[in-house]
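J.: Structure provided below as structure tokens; questions to follow.
The values are calculated or read from the model by the stated rules, or taken from the named source; none is laboratory data. Because the structure is a prediction, the values reported are computed rather than measured. Counting neighbours? That spans all protein chains shown, and the Cβs are built from the backbone with ideal geometry, glycine included. These area figures cover heavy atoms from the full protein model, side chains too; ligands, DNA and RNA do not enter into them. Shrake-Rupley method; radii C 1.70, N 1.55, O 1.52, S 1.80 Å.
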Amino acid sequence: MTNIKEFNELHFSKDLLILGNAWDLLSALILEKSGFKAIGTTSWGIANSLGYSDGEVIDFERHLGIIKLIADNVKIPVTADIEAGYGETAEKIVDNVLRTAEAGVAGINIEDSLKKQKGLRDIYQHCSLLLKIREALDYNGYEGFYINARTDTYFQKENPFRETVERAKAYVESGASGIFIPGLTNHDEIKEITLNIGAPLNVLSLPGLTNGKELEELGVKRLSFGNALFDKAIELLERDTARIVELSDTSHLYGK
């Protein structure tokens, strides 16, 4: 429970919380050693590292195993990206959230996009799900567990701002601890949302949206870089291995 309290407090510090997004134990340990204050798992990175595409294609048991391995071996708080909950029913999703909490994490990301079809979960249905998740967590001794409610309005809607504010407010009223809006990049919209939702705002690092000091001034409390670090590491691996084959030479592996 100490990590849950610590993780919550990181969202109310004057400093922006930059999550280190990890996909396996090694990346998590490196991020911890580098000085990150909390780890967020990346479902994209975990799935890709095991040969799967993102989108709940990987078996939940396998995904949870990686999350638990990370949580068991780092001292800083861990929050788990569980996509839309890996379940077709509210009961299954609630059970998966409880099992994720039991794995030792301090929070989750849970999104409102549908996995078997395009579109977002109906707002009232998603609010009902968030309420059930919060009630189950509280009942099972996970008070304060951080529910980061992700809305994919900016990925799926043409003019998302108004619906985003509506969904964000409703999700907070339904038990969400914070709101995650990937794809949101407009500074004026970011500022207005931070003033209106009454909970910490998490944004996703994207080209043009990278500067922590600027985000602090806009009222953002948390920045994730998602699969960007994973992609960068894979790009380096692909480039260097291709050079070995092309040049029949490994000397570049030892340069600075």
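J.: With n ≥ 4 as the cut-off for DSSP H runs, can you work out [θ] at 222 nm for the chain, using -39500 (n - 2.57) per run divided by the number of residues, rounded to the nearest 500?
T.: The per-residue figure over the chain is -15000 deg cm²/dmol.
J.: What is the local net charge at A106, summed over the other residues whose Cβ is closer than 9 Å to its Cβ (Lys, Arg +1; Asp, Glu -1)?
T.: 0
J.: If you don't mind, there's one more thing I want to ask. When the expected Rg is taken as 2.2 N^0.38 Å, what fraction or multiple of it is the alpha-carbon Rg of the chain?
T.: That ratio works out to 1.02.
J.: Heavy atoms of the protein only, probe of 1.4 Å, neighbouring chains included. What is the accessible area of D122 in Å², nearest 10?
T.: Result for D122: roughly 80 Å² accessible.
J.: Also, quick follow-up: On the protein heavy atoms, probe 1.4 angstrom, tell me the percent of accessible surface of the stretch 1-148 carried by carbon and sulfur.
T.: After summing per-atom areas, the C and S share lands at 54 percent.
J.: Let me ask another. Hey, can you rank 236-246, 207-217 by average C-beta count inside 10 Å, highest first?
T.: In decreasing order of mean packing, 236-246, 207-217 become 207-217, 236-246.
J.: Using a 1.4 angstrom probe on heavy atoms only, work out the carbon and sulfur share of the accessible area of the stretch 175-250 in %.
T.: Values: 2090 of 4040 Å².
That fraction is 52 percent.
J.: Here is a follow-up. Sticking to Cα atoms, compute the Rg of the stretch 129-256 to one decimal and its Dmax as the biggest Cα-Cα distance, whole number, in Å.
T.: Expressed in Å, the Cα Rg and Dmax of the stretch 129-256 come to 20.0, 61.
J.: Could you order peptides 142-153, 167-178, 9-20 by the average number of other Cβ atoms within 10 Å of their residues, highest first?
T.: Put in order of decreasing packing, that is 142-153, 167-178, 9-20.
J.: Once R0 is set to 35 Å, what does the formula 1/(1 + (r/R0)^6) return for the Cβ-Cβ distance between N196 and L237, expressed as a FRET efficiency to the nearest 0.05?
T.: For R0 = 35 Å, the calculated efficiency reads 0.25.
J.: Give the percent of DSSP beta bridges with both residues in the stretch 93-201 that are antiparallel, rounded to the nearest 5.
T.: 10 percent
J.: For the stretch 1-125, how many pairs of lysine residues have a Cα-Cα distance under 27 Å, where the two are 8 or more positions apart or belong to different chains?
T.: Qualifying lysine pairs in the stretch 1-125: 19.
J.: Also, I was wondering about something else. If I stretch the segment between K33 and E246 completely, what's the gain in nm (0.36 nm per residue apart, minus their alpha carbon distance), one decimal?
T.: Here the segment from K33 to E246 would lengthen by 73.2 nm.
J.: Among DSSP beta bridges lying fully in the chain, give the percent that are antiparallel, nearest 5. Before the final figure, lay out the partial values.
T.: On the way: 2 of 25 bridges.
Once the DSSP bridges in the chain are tallied, antiparallel ones form about 10 percent.
J.: Using all Cα-Cα distances in the stretch 10-118, what percent lands in each 5 angstrom bin from 0 up to the longest?
T.: Calculated P(r), rounded to whole percents: 2, 13, 24, 24, 19, 12, 5, 2.
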